[in-house]
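As structure tokens, the structure follows; a few thoughts come after it.
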Amino acid sequence: LMSGVMIKMGIYGLLRILPFLGPPSAWWGAVLLLVGALSGVAGVSHALVQHDLKRLLAYSSVENIGIIAMGVGMGLLGQHYGNTAVATLGYAGALLHTLNHGLFKGLLFQAAGSVLHGSGARHIDALGGLYRRMPQTGIAFLVGAVAICGLPPLNGFVSEWLIYWGAFRGGTTLPTAGAVAVLVILPALALIGGLATACFVKAFAVVFLGEPRSPHALNAHEASPAMHAPMLAGSVICLAIGLWPAGVVALASPAAAGLGGESLPSDLGPLFSISLLAAGLGALVSLLAMLRARLLKSRPVGTAATWGCGYAHPTPRMQYTANSFADPVFAPFAMALHIRTHGEVPVEIFPAEAHFERHVGDVAGERILVPAWRRLLKLAYRLRVIQHGNIQIYLVYILVTLVLLVLWQSFGSMRP
């Protein structure tokens, strides 16, 4: 989470200093497009195979930072080629997605915290059936999941739609080199959106649907009203932006215009169409819910076990796990990820024991960041030799430092 915040701050700082860097280069835009596309696909691919609910959400932040980077890259390319409409759409999409990501990712982390508080577990395969025990948390997580997948009628769709719109516009109005670079956004966003949908369908289904897989899930309880209030507020804001995208786009328009060189294009009719579509979809769902309630009002409603697939005594262990759910989608990306497997395969007709586990490591963290941090700690440990705990020696350090500073200043003042 902190890494995502730091990256957001870096992107915000980049947007603030762009006006002072002179004419933007096409290389900057192309590099940001490529880095954003790779970050988006890599982030959502890692999120897809996570077992820890909060770790899944953290990796999905990498995905959304990639989407923001693609918007900024498109803005730079539009500026380089003098196409202010494409530049403004790119910057507007990046700024709005930064806002939207803070909203729906905050909502998802709050729901994940509620799950941890109510069940005492955040391992996805140890949960299940929480919707019947934590319905309000389940609804909040579902709203955040739909938003982060970029589906209407929620806020994630609005910012991604602006980036799509800018990419289509750039593909038809920019020169060939710029058009080819911008059109990379279309398959990248489509792939990221599809993988994100599979990822959060897995997360919601395995955590909230089915039967409890452990005593943690079986004994889970709903969170307190103090925890429900921020989740409700986040859900309402995500829905409000999705239902009235023109309002939030108008708020971002001055900032995007200051970076891109002109106001957003005047043909914002699709924004109002989105509002009408979202309102119609909401009305249809409400009508069907009321019709269902009316039809069931005079009929007895009971619960019973579903078909057990031929098993006489099905158990919660026979449900889909997070791994088995994601495996068909994950398979094409297996070669690009750091996968570790261990287990004991059955070798007899009636094996006494068999198990299999698969874990996906973080290549950047495990092979670059963690070894570099360990080397830095070893170096810092070696420097402890200068810490004697003797005040006289520390005074000598201060004296030597002052002498060196005086000599450095003296030699500096003697230069012509």
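The values are calculated or read from the model by the stated rules, or taken from the named source; none is laboratory data. Everything numeric here is computed off the predicted structure, so don't read it as measured data. Cβ atoms come from the backbone with ideal geometry, glycine included; neighbour counts cover every protein chain shown. Side chains included, ligands, DNA and RNA excluded: accessible areas come from the protein's heavy atoms. Shrake-Rupley method; radii C 1.70, N 1.55, O 1.52, S 1.80 Å.
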Practice problem: Answer yes or no: is there a residue in segment 209-225 that is within 22 Å of the chain's Cα centre (by Cα) and open to solvent by less than 20 Å² (accessible area, probe 1.4 Å). | Solution: no
Practice problem: Six or more apart or on different chains, Cβ under 6 Å: which pairs go from a residue in segment 345-358 that's free of Cβ contacts under 8 Å to residues at least 12 places away in the same chain and over 21 Å from Val49 (Cβ atoms) to one that's of a type in the set (A, V, I, L, M, F, W, C) and open to solvent by less than 80 Å² (accessible area, probe 1.4 Å)? Could you list them? | Solution: Pro346/Ala354
Exercise. Looking for whichever is farther than 16 Å from Asn100 by Cα and either touching a Leu at 6+ places or on another chain (Cβ under 6 Å) or exposed (fewer than 14 other Cβ atoms within 10 Å of the Cβ) (or both) here; the options are Ala198, Ala205, Ala177. Which one fits?
Key: Ala177
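Per-residue answers, yes or no, for (1) closer than 14 Å to Leu195 by Cα; (2) at pLDDT 85 or above; (3) surrounded by fewer than 23 Cβ atoms within 10 Å (Cβ to Cβ):
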{"residue": "Tyr12", "(1), (2), (3)": "no, no, yes"}
{"residue": "Arg16", "(1), (2), (3)": "no, no, yes"}
{"residue": "Val31", "(1), (2), (3)": "no, no, yes"}
{"residue": "Ala37", "(1), (2), (3)": "yes, yes, yes"}
{"residue": "His46", "(1), (2), (3)": "yes, no, no"}
{"residue": "Val49", "(1), (2), (3)": "yes, no, no"}
{"residue": "Asp52", "(1), (2), (3)": "no, yes, yes"}
{"residue": "Asn64", "(1), (2), (3)": "yes, yes, no"}
{"residue": "Gly78", "(1), (2), (3)": "no, yes, no"}
Quiz item: Ala92 versus (1) open to solvent by 10 Å² or more (accessible area, probe 1.4 Å); (2) small (Gly, Ala, Ser); (3) more than 24 Å from Pro316 (Cβ to Cβ): which is the lone unmet condition?
Solution: (1)
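Looking at segment 123-136, is at least one residue open to solvent by 50 Å² or more (accessible area, probe 1.4 Å), more than 15 Å from Gly234 (Cβ to Cβ), touching a residue at least 60 places away in the same chain (Cβ under 8 Å) and in a loop (DSSP other than H, G, I, E, B)? Even if it seems obvious, please write down each step before you answer.
Of segment 123-136, the ones open to solvent by 50 Å² or more (accessible area, probe 1.4 Å) are 123, 131-133, 135-136.
Filter once more, so that each one left must be more than 15 Å from Gly234 (Cβ to Cβ): 123, 131-133, 135.
Filter again for touching a residue at least 60 places away in the same chain (Cβ under 8 Å), leaving 123, 131, 133, 135.
Of the ones still in play, those that are also in a loop (DSSP other than H, G, I, E, B) are none.
Checked against the condition, which is being open to solvent by 50 Å² or more (accessible area, probe 1.4 Å), more than 15 Å from Gly234 (Cβ to Cβ), touching a residue at least 60 places away in the same chain (Cβ under 8 Å) and in a loop (DSSP other than H, G, I, E, B), segment 123-136 yields no hits at all.
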Self-check item: Scope segment 226-242; condition open to solvent by less than 70 Å² (accessible area, probe 1.4 Å) and under 25 Å from Ala278 (Cβ atoms); matching residues
Solution: His228, Ala229, Pro230, Met231, Ala233, Gly234, Ser235, Cys238, Ala240, Ile241, Gly242
Quiz item: Quick check: anything in segment 80-95 of a type in the set (Ser, Thr, Tyr) and either in a loop (DSSP other than H, G, I, E, B) or more than 30 Å from Gly234 (Cα to Cα) (or both)?
Solution: yes
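Residues Leu183, Leu195, Leu291: which one is under 28 Å from Val329 (Cα atoms) and without any contact (Cβ under 8 Å) to a residue 40 or more places away in the chain? Give the derivation first.
Numbers: Leu195 fails: without any contact (Cβ under 8 Å) to a residue 40 or more places away in the chain; Leu291 fails: under 28 Å from Val329 (Cα atoms).
Exactly one of Leu183, Leu195, Leu291 is under 28 Å from Val329 (Cα atoms) and without any contact (Cβ under 8 Å) to a residue 40 or more places away in the chain, namely Leu183.
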Quiz item: All but one of (1) surrounded by 18 or more Cβ atoms within 10 Å (Cβ to Cβ); (2) modelled with pLDDT of 85 or more hold for Ala190; which doesn't?
Solution: (1)
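For (1) in contact (Cβ under 8 Å) with a residue 12 or more places away in the chain; (2) assigned to a loop (DSSP other than H, G, I, E, B); (3) touching a strand residue (DSSP E or B) at 6+ places or on another chain (Cβ under 7 Å); (4) within 21 Å of Val49 (Cβ to Cβ), each residue gets a yes or a no:
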| position | (1), (2), (3), (4) |
| --- | --- |
| Ala111 | yes, no, no, yes |
| Ala121 | yes, yes, no, yes |
| Gly144 | yes, no, no, yes |
| Phe157 | yes, no, no, no |
| Trp161 | yes, no, no, no |
| Phe168 | yes, no, no, no |
| Cys199 | yes, no, no, yes |
| Glu211 | yes, yes, no, no |
Quiz prompt | Pair list, Cβ < 7 Å and 6+ apart or interchain, from segment 229-255 residues that are over 26 Å from Ala87 (Cα atoms) to residues that are outside any helix (DSSP H, G or I) and of a type outside the set (D, E, K, R) | solution = Leu239/Leu154
Practice problem: Kindly indicate which of Ser114, Ser119 is polar (S, T, N, Q) and touching a Leu at 6+ places or on another chain (Cβ under 9 Å). | Solution: Ser119
Quiz prompt | Hits in segment 51-101 - residues which are of a type in the set (Ser, Thr, Tyr) and in contact with an Asp or Glu (Cβ under 9 Å, 6 or more places away or on another chain) | solution = Tyr59, Thr84, Thr88
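So that you can scan it fast, the table gives a plain yes or no per residue for (1) within 29 Å of Leu174 (Cα to Cα); (2) more than 23 Å from the chain's Cα centre (by Cα); (3) among the charged types (D, E, K, R):
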site: Gly78; (1), (2), (3): yes, yes, no
site: Ala85; (1), (2), (3): yes, yes, no
site: Leu95; (1), (2), (3): yes, no, no
site: Leu99; (1), (2), (3): yes, no, no
site: Ala112; (1), (2), (3): no, no, no
site: Gly138; (1), (2), (3): no, no, no
site: Phe141; (1), (2), (3): no, no, no
Quiz item: When you go through Val35, Val41, Val49 one by one, which is the residue that is closer than 30 Å to Ala223 by Cβ and in contact with a helix residue (DSSP H, G or I) (Cβ under 7 Å, 6 or more places away or on another chain)?
Solution: Val49
